[in-house]
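The values are calculated or read from the model by the stated rules, or taken from the named source; none is laboratory data. Since we're looking at a predicted model, the values are computed, not measured. No Cβ is skipped: glycine too gets one built from the backbone with ideal geometry, and neighbour counts run over all protein chains shown. With ligands, DNA and RNA removed, areas are computed over all heavy atoms of the protein, side chains included. Shrake-Rupley method; radii C 1.70, N 1.55, O 1.52, S 1.80 Å.
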Amino acid sequence: MAKNIQSLERAAAMLRLLAGGERRLGLSEIASSVGLAKGTAHGILRTLQAEGFVEQDATSGRYQLGAELLRLGNSYLDVHELRSRALVWTDDLARSSGESVHLGVVHQQGVLIVHHVFRPDDSRQVLEVGAMQPLHSTALGKVLSAYDPVAHTEAVEGDRKDFTPRTITGLAEFESVLELTRARGWAADIEETWEGVAAVAAPIHDRRRMPVGAIAVTGAVERLCPAGELRSELVAAVRECARAVSRDIGAGRF
């Protein structure tokens, strides 16, 4: 069994100690509580402070939790709130469309799947929660790139890999696709990422009208595009599902 990294264990112990207190703690108190020499404790605290996980009061020299931990915590809560708010709506969308539904958020230069509802039939399917999808070719990625400045930068500056002959890799053409996505409020992926697979996605906005995720219906191209284009009723259903989740998290009406 692999051994734990001692310095990380010590840092975690310090963060738990600071999280459990109602006041700032001094170096001596922290070192004593976690059983470390003051020099060792100071080195770990200095690193945590540089990363924004710990803050030091300029007057007293005492330590408290930093803003970066709050940001990370809010990010965690936001994703889980988004997923919990989307559960009923995505279940209904999968049932009405007869196809798989994915909920994705921007994460590390891609789209992280945080919720996946199986296609409601007896076919064998693989749970894709935790999987990553590219920004430039998937419906989810295009929607997020169109509305989220961070995702847009990542997609523009990143490697737009050629997955199929239909994948759009040129910058000018990609920007045109994003402009069209913003104009109509949804994005498509018709065999641009996987041969034989199509998808349509729409954005989810929070109470500040900021994009926090996207919802997509994904399935075989012959079912989603029987006449060569995405079924209009499917596009409408995905958009309404995204609007419903947006309203549930406080975005109001669009």
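Charging the Cβ of each Asp and Glu at -1 and of each Lys and Arg at +1, and nothing else, the dipole of the chain about its Cα centre rounds to 940 debye. Average accessible surface for region 144-190: 55 Å² per residue, computed with a 1.4 Å probe over protein heavy atoms with every protein chain in place.
Accessible surface of V79, taken over heavy atoms with a 1.4 Å probe and every protein chain present, rounds to 40 Å².
A 1.4 Å probe over all protein chains sorts L178, L8 by accessible area into L8, L178, starting with the largest. Labels on offer are [x] 1, 6, 14, 19, 22, 19, 13, 5, 1, 0; [y] 1, 6, 12, 15, 14, 11, 9, 8, 8, 7, 5, 3, 1, 0, 0; [z] 1, 6, 12, 16, 18, 17, 13, 9, 5, 2, 1, 0, 0, and the one holding P(r) over Cα pairs in 5 Å bins from 0, in percent computed from this structure is [y]. The heavy atoms of D159 present about 140 square angstrom of accessible area, all protein chains included, probe 1.4 Å. Normalised by the number of residues in region 107-254, the mean separation of alpha-carbon contacts (under 8 Å, six or more apart) gives a relative contact order of 19 percent. Relative to the longest principal axis of the C-alpha atoms of the chain, give the angle of the C-alpha long axis of helix 6-20, reported between 0 and 90° and rounded to the nearest 10°. For 6-20 against the chain, the angle is about 90 degrees. Mean separation of Cα pairs under 8 Å and 6 or more residues apart, divided by the residue count, gives region 178-254 a relative contact order of 29 percent.
In the chain, Cα pairs under 8 Å separated by at least six residues give a relative contact order of 14 percent. Working note: 222 nm ellipticity from helices only, DSSP H runs with n ≥ 4, each -39,500 (n - 2.57), summed and divided by the residues of the chain, gives -15000 deg cm²/dmol to the nearest 500. Across M132, M14, the residue with the most accessible area heads the list, and the full order at a 1.4 Å probe is M132, M14. Counting only Cβ charges, +1 for Lys and Arg and -1 for Asp and Glu, the dipole size of region 119-250 around its Cα centre is about 540 debye. Rolling a 1.4 Å probe across all protein chains gives E173 an accessible area of roughly 100 Å².
Select from A172, A244, A58 the residue whose mean-square fluctuation is largest in a Gaussian network model of the chain (Cα-Cα springs shorter than 10 Å). Taking springs between Cα atoms under 10 Å, the residue moving most is A58. A Förster distance of 45 Å, applied to the separation of the beta-carbon atoms of T59 and S176, puts the FRET efficiency at 0.20. Taking amide H atoms as placed 1.01 Å from N in the peptide plane, the amide H of H107 lies under 5 Å from those of L112, each 5 or more residues away in sequence or on another chain.
The angle between the Cα long axis of helix 171-184 and the main principal axis of the chain comes to about 80°, on a 0 to 90 degree scale. Extension gain for the segment E240 to Q49, taken as residue separation times 0.36 nm less the Cα-Cα distance, is 64.3 nm to one decimal. Determine, from the Cβ-Cβ distance of W194 and A67 and an R0 of 35 Å, the FRET efficiency 1/(1 + (r/R0)^6), rounded to the nearest 0.05. So the FRET efficiency works out to roughly 0.30.
With the cut-off at under 16 Å, measuring from each backbone N in region 82-105 to a point 7 Å along the Cα-to-Cβ line of V129 picks out 82-92, 101-105.
Extension gain for the segment K161 to R207, taken as residue separation times 0.36 nm less the Cα-Cα distance, is 13.1 nm to one decimal. The length gained on full extension between S32 and H107, counted as 0.36 nm times the residue separation minus their Cα-Cα distance, comes to 23.2 nm.
Comparing Cα centroids, region 30-69 and region 211-228 end up 49 angstrom apart.
Heavy-atom accessible area with a 1.4 Å probe sorts S137, S33, largest first, into S33, S137.
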